[in-house]
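See structure below.
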Amino acid sequence: MVSVIIPCYNAQYFIGETIQSLLNQSYQEFEIIVLNDGSKDNSEAEILNFSDSRISYLKKDNTGVSDTRNKGLVLAKGEYVLFLDADDVLDRFFLEKRVEQLRRNPEVLFSCGKVVKINEAGQPMPGFFRGTADEIYRDILLYHPEVITCPSNYLFRKSILDRYQLTFDNSLSSTADRFFLIELAAYGNGAYVAEGGELYYRVSQSSMSHRITIPLVDDNEVFYKALVQKKKNIPEALFREFAFKINYILGAAYLSLKIYDKGLRYFVNSFFCNPKDFTNNLLRKVI
C-alpha cells in the first residue's frame with residue numbers, strides 16, 4: 001500500500017483537484033492522509049466533500065509544512081510513502097509507474113520521474129523538468145535548473161525512512177525538501193521513471209519559493225549552515241563548488257533586500273571560495 005500524506009494550508013482552490021487525481025489513479029492500493037495545517041480558508045469544506053473510506057482527515061494548529069509532513073509520516077501504514085503538496089496533480093499512472101520501479105529495483109530507496117510545471121490555471125508551462133535519482137548531491141548542490149526537489153515527485157520506501165529515522169527538518173521551510181533528499185543520499189540512490197506517470201507541479205505567483213523575501217533568504221541561510229554540519233557525506237570538491245554558489249546567491253539576495261552587512265559578508269565569502277568564478281559572474285551581470 002502507498003500512504004499519501006497531504007499537508008494543506010489555505011489550498012481551497014486546488015486541494016479538490018489534487019485529491020481527485022489520486023482517486024483516479026490506475027494503482028488503487030493507497031491511503032490518503034490529509035492534514036489541515038491551520039488553514040484559514042475553505043480548505044476543510046473542500047476536503048470533506050470526499051467520502052472515500054481511504055481518506056483520513058486531521059485538523060491541527062499551524063506548525064509549518066515540515067512538521068505537518070512528519071506528523072503524517074507517523075500515521076502512515078503503507079509500504080511506500082508519498083508527500084504530496086496540496087496544489088499538485090498526479091498523472092493517472094503516477095503511482096503505478098513508481099511502484100513498478102521500486103518492485104523492479106529492490107536496492108533503490110525511492111522512485112521519481114518527469115515533472116510538468118503548470119500555472120495556477122492548470123495550464124502546462126514550457127521547459128523540461130525532472131527529479132533526481134542517482135546524482136542527488138550534484139543535481140541539488142549545483143542548482144541544476146531542470147531538477148525539481150518537490151517531495152510530490154518522490155515515492156519513498158517507508159522502511160528506509162524508519163530505519164534511518166529520516167524526517168523533514170522543522171527549522172527549514174522552502175529548502176526542507178532539498179535537505180531531506182541530501183540526507184537520504186547518504187544511504188543510496190533512487191530509480192527514475194523515464195516514461196509516463198508525470199507530476200504536474202503547480203507554480204503559484206504567491207508561492208514562498210518564487211519571491212525574494214527575507215524569510216525565504218533566511219531559510220536558505222539556515223539550509224547552508226545545516227549542510228556545513230553534514231558535509232562529511234558530501235565530496236569535498238563538490239561542497240566547495242556549492243559553497244561558492246550559495247554564498248554568491250545569499251550575497252546577491254541580501255543586497256537586493258538592502259540587508260547590506262549580510263550581503264557583503266556572503267559576497268566576500270563567495271569571492272574567497274572561487275575568485276575566478278566570482279569575477280566572471282559579476283562581469284556577466286555588468287555586460
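In the set (1) within 20 Å of the chain's Cα centre (by Cα); (2) closer than 16 Å to GLN28 by Cα, SER51 fails one condition alone, (1). Of all the numbered requirements in (1) of a type in the set (Phe, Trp, Tyr); (2) surrounded by fewer than 21 Cβ atoms within 10 Å (Cβ to Cβ); (3) assigned to a loop (DSSP other than H, G, I, E, B), TYR201 misses one, and that requirement is (3).
A quick yes/no check of all residues on (1) in a loop (DSSP other than H, G, I, E, B); (2) at pLDDT below 95:
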position	(1), (2)
ASP169	yes, no
GLU195	yes, yes
SER206	yes, yes
ASP219	no, no
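Taking the listed residues ILE118, ILE136, the one that is buried (at least 20 other Cβ atoms within 10 Å of the Cβ) and β-branched (Val, Ile, Thr) is ILE136, with no other qualifying. Within the range 174-193, the set of residues being outside any loop (DSSP other than H, G, I, E, B), out of contact with any Cys (no Cβ under 9 Å at 6 or more places or on another chain) and either free of Cβ contacts under 8 Å to residues at least 24 places away in the same chain or β-branched (Val, Ile, Thr) (or both) comprises just one member, ILE182.
Given the structure, is PHE278 touching a Phe, Trp or Tyr at 6+ places or on another chain (Cβ under 6 Å) and either of a type outside the set (Lys, Arg) or touching a residue at least 24 places away in the same chain (Cβ under 8 Å) (or both)? Yes; evaluated as a whole, the condition is true for this residue. Residues that are more than 20 Å from ALA176 (Cα to Cα) and in contact with a Lys or Arg (Cβ under 9 Å, 6 or more places away or on another chain) number at least 3 in the following strands (runs of 3 or more DSSP E) confined to the range 15-92: 30-37. Taken together, PRO106, PRO126, PRO145 contain a single residue that is surrounded by fewer than 21 Cβ atoms within 10 Å (Cβ to Cβ), closer than 28 Å to GLN20 by Cβ and of a type outside the set (A, V, I, L, M, F, W, C), which is PRO126. Among the residues of the range 140-155, those identified as out of contact with any Gly (no Cβ under 8 Å at 6 or more places or on another chain), outside any loop (DSSP other than H, G, I, E, B) and farther than 24 Å from PRO235 by Cβ are PRO151, SER152, LEU155.
LEU75 meets each of the listed conditions (1) touching a helix residue (DSSP H, G or I) at 6+ places or on another chain (Cβ under 8 Å); (2) surrounded by fewer than 23 Cβ atoms within 10 Å (Cβ to Cβ) apart from (1). Between LEU58, LEU22, the distinction of being at pLDDT 95 or above and crowded, with 23+ Cβ neighbours inside 10 Å belongs to LEU22 only.
Each residue in the range 101-139 was checked for being over 23 Å from ALA86 (Cα atoms) and among the β-branched types (Val, Ile, Thr), and 2 of them qualify. Just to be sure before I move on: is VAL115 of a type in the set (A, V, I, L, M, F, W, C), assigned by TED's automatic domain parsing to the domain that holds LEU161, part of a strand (DSSP E or B) and more than 14 Å from PHE156 (Cβ to Cβ) in the structure I sent? Yes.
Considering the range 118-139 alone, what residues qualify as being charged (D, E, K, R) and either in a strand (DSSP E or B) or out of contact with any helix residue (DSSP H, G or I) (no Cβ under 7 Å at 6 or more places or on another chain) (or both)?
GLU120, ARG130, ASP134, GLU135, ASP139
The values are calculated or read from the model by the stated rules, or taken from the named source; none is laboratory data. Remember, it's a predicted structure, so these values are computed and weren't measured experimentally. Ideal geometry is used to build each Cβ from the backbone, glycine not excepted, and the neighbour counts take in all protein chains shown.
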